[in-house]
Amino acid sequence: ASASGNAALDVILNEGILDNCKAQGKYFKERLGELKGKYPEIIREVRGEGLILALELFNEGKEIVDMCLEEKILINCIKENILRFLPPLIVKKEDIDRVISVLDKIFA
């Protein structure tokens, strides 16, 4: 168990996964900010750090979660009006762009 734990840490530290998390987290937060600018009547706030991000909505988010699931995007809603995003550490810009595109379609 210790050997596999060490191997996992080696990959995270030595293969650029941490750098990817920082870069993609920044990109994702910027893209969510663009949605907030486009839909200020729907999105109250963008928050979070790294790849742990959230949109606080003015209304409940359960229906949005369900619509995202239909598009094969898994997000969750906490406190009834906060959409939480927890993508994998190896997420790519294309994946983020797809999530933003689906949210844009839903909010429109």
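The values are calculated or read from the model by the stated rules, or taken from the named source; none is laboratory data. Owing to the predicted nature of the structure, the values given are computational and were not obtained by experimental measurement. Don't worry about glycine lacking a Cβ; one is built from the backbone with ideal geometry, like all the others, and counts go over all protein chains shown. To get the accessible areas, we keep the full protein, side chains included, count just its heavy atoms, and leave off ligands, DNA and RNA. Shrake-Rupley method; radii C 1.70, N 1.55, O 1.52, S 1.80 Å.
Each Lys and Arg adds +1 at its Cβ and each Asp and Glu adds -1 at its Cβ; summed about the Cα centre, the chain shows a dipole of about 180 debye. For segment 6-76, taking the reciprocal of the average inverse distance between every pair of different Cα atoms yields a Kirkwood hydrodynamic radius of 13.9 Å.
As a rough guide to protection, the peptides 68-81, 5-18, 50-63 ranked by mean Cβ packing within 10 Å, highest first, stand as 50-63, 68-81, 5-18. Between amide H atoms placed 1.01 Å from N, distances below 5 Å from residue 53 occur with 85, all of them 5 or more places distant or on a separate chain.
Selection among 46, 78, 108 by position relative to the dipole of the chain gives 46 as farthest towards the positive end (Cβ unit charges, Cα centre). Charge tally for residue 50 (other residues, Cβ to Cβ under 11 Å; Lys, Arg +1; Asp, Glu -1): +2. Between segment 79-100 and segment 1-68, how far is it from one alpha carbon centroid to the other, in angstrom? For segment 79-100 versus segment 1-68, the Cα centre distance is 5 Å.
In this model, which of 36/93; 26/79; 26/92; 22/105; 22/92 are farther than 22 Å apart at the alpha-carbon? Violating the 22 Å Cα-Cα cut-off are 26/79; 22/105. Note on the chain: with neighbouring protein chains present and a 1.4 Å probe, carbon and sulfur make up 55 percent of its accessible heavy-atom surface.
The residues of the chain expose, per residue, 64 Å² of accessible area to a 1.4 Å probe.
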